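Before any comments, here is the structure.
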Amino acid sequence: MSDPKQIKVVLDEAEMPTHWYNIVADLPTPPPPPLHPGTKQPLTPDDLAPLFPMGLIAQEASTERWIEIPQEVHDIYRLWRPSPFFRARRLEQAIGSTARIYYKYEGASPVGSHKTNSAVPQAYFNKLEGRTRLTTETGAGQWGSALAFAAQIFGLQCDIWQVRSSYEGKPYRHVLMETFGAHVVASPSELTQAGRALREQFPDTTGSLGMAISEAVEAAATDPNAAYSLGSVLNHVLLHQTVIGQEAVKQLAMFDEASADYVFGCAGGGSNFGGLAFPFLRENLEGRAAARIVACEPKAAPSMTEGEYRYDFGDTAGLTPLLKMYSLGSDFVPAPVHAGGLRYHGMAPLVSHCYAEGLVDAIAVPQLEAFEAGVLFARAEGIVPASESNHAIAGALRQARAATETGESPVIVIGVSGSGQLDLPAYSEFLAGEMVDG
């Protein structure tokens, strides 16, 4: 029997990250700033103050390399962090691979995904500033569940607009949010001016993250006690997620691996990918590694591989600042594929900047290939991955099989962003042969 230490590594609590890592400090060129939609000038803290607390605004604009994690946040992180890191030996055997495959698993968090890494500090900083209500959007529901969890910890009201296709197709997701005390509605809704306008313009729409963002932003902007919380895209969200990559770099070394050759993460808005990728990118920038870091996006919403790098709105109604990002257009409505968390028209400005500078790569993965990979992973490793995570697994399997054909033995790291236990209807559709590609 294999030595368990050679299969799984869990850091001691004392080895948890004490700071978030800010990639901006180490980038060869500074990223383009967000712009005010009216003046087209760089945003100021005052421009963001109606939506976000100053603690998060400071993080958004920071150029400091390390930002200390508040003790109150660190204490809550201990519920699930550090998260485990595995050598996927059974997966290697299943595909006859010569590659050494590892994965970082974020599904052990209270809501089964990486999203709690940012939800908790966002709720904390809002509570600190005296806000009493949080509004947000969610796609598949991971972010909504995470914010609902964090809001109840800090005694905050939480109102969530969930993309209609996911609200209807993944009913247990909004049940989970409601269990934590949140109020959840399908977007576009009749509760906001933006929602009513979108329903009139697109009466049969399945919704999109851009539409749901418009509703959540409007709700926060019209309530002085409310703040808007975003689960991806913005700098401070990716910052919070870097606990993933920091732990993974350290855990990989505990397997006596000098560095990764390839790192694969799923990418929709960019929070999971950035959180995993940026600490590995730091290893590259400081000359300790030369990993190829790959964002795996859905073929149904290929913002990086098919979008344009330009300033665009983060939402459909044009209520957000203008962000320099790879975008398919703020009015783009992707097909209702099951990876709802990846159905976004743009990519995080920091990830987009790194891609434009050639520091990271991107591939698009069709839905059927993603679920084929997810089922193979589940049968080999005993973990059913989230629909979104399947894209990263598929990308890694492409590379592992290619390496086997050439006889190479690269070190491959996969970010498994969450559990797929609430995605079982999607797996049922795939196993029945009823899933369409996309």
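Values as computed for the structure displayed
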quantity: For the stretch 234-320, alpha-carbon Rg over 2.2 N^0.38 Å; calculated: 1.24
quantity: D_trans [Stokes-Einstein, Kirkwood Rh over alpha-carbon pairs] for the stretch 287-438, 20 °C, 1.002 mPa s, µm² s⁻¹; calculated: 130
quantity: Rg to Rh quotient for the stretch 107-207, alpha carbon positions, Kirkwood Rh; calculated: 1.00
quantity: When the convex hull of its Cα atoms is projected in every direction, mean area for the stretch 1-83 (nm²); calculated: 8.9
quantity: Ordering of 147-159, 45-57 by packing [mean C-beta count within 10 Å, highest first]; calculated: 147-159, 45-57
quantity: Whole-number Å³ per residue for the convex hull built on Cα positions in the stretch 371-411; calculated: 70
quantity: Three-way shape label, the stretch 288-328, alpha-carbon gyration tensor, a/c 1.5; calculated: prolate
quantity: 5 Å binning of all Cα-Cα separations within the stretch 270-346, expressed as whole percents from 0 upward; calculated: 3, 16, 20, 21, 17, 13, 7, 4, 1
quantity: Computed Rg/Rh of the chain, alpha carbon atoms with Kirkwood Rh; calculated: 0.94
quantity: Mean ellipticity per residue at 222 nm, deg cm²/dmol - from DSSP H runs of n ≥ 4 across the chain, formula -39500 (n - 2.57); calculated: -12000 deg cm²/dmol
quantity: Convex hull volume per residue for the stretch 381-438, taking Cα atoms only, in Å³; calculated: 106
quantity: Debye log10 I(q)/I(0) for the stretch 1-145, one point scatterer per Cα, at q = 0.12, 0.15, 0.16 Å⁻¹; calculated: -0.72, -1.00, -1.08
quantity: Fewest-first ranking of M435, M254, M304, M325, using other Cβ atoms within 10 Å as the exposure measure; calculated: M254, M435, M304, M325
quantity: Rounded to 5, percent antiparallel among DSSP beta bridges of the chain; calculated: 35
quantity: Contact order normalised by residue count of the stretch 237-287, Cα under 8 Å, 6+ apart, percent; calculated: 51
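Quick note: the coordinates plus some simple rules give every number you see, no bench work behind them. The shown structure was predicted, so the numbers you read here are calculated from the model rather than taken from an experiment. A quick note on method: Cβ atoms are made from the backbone with ideal geometry, for glycine too, and the neighbour counts reach across all protein chains shown.
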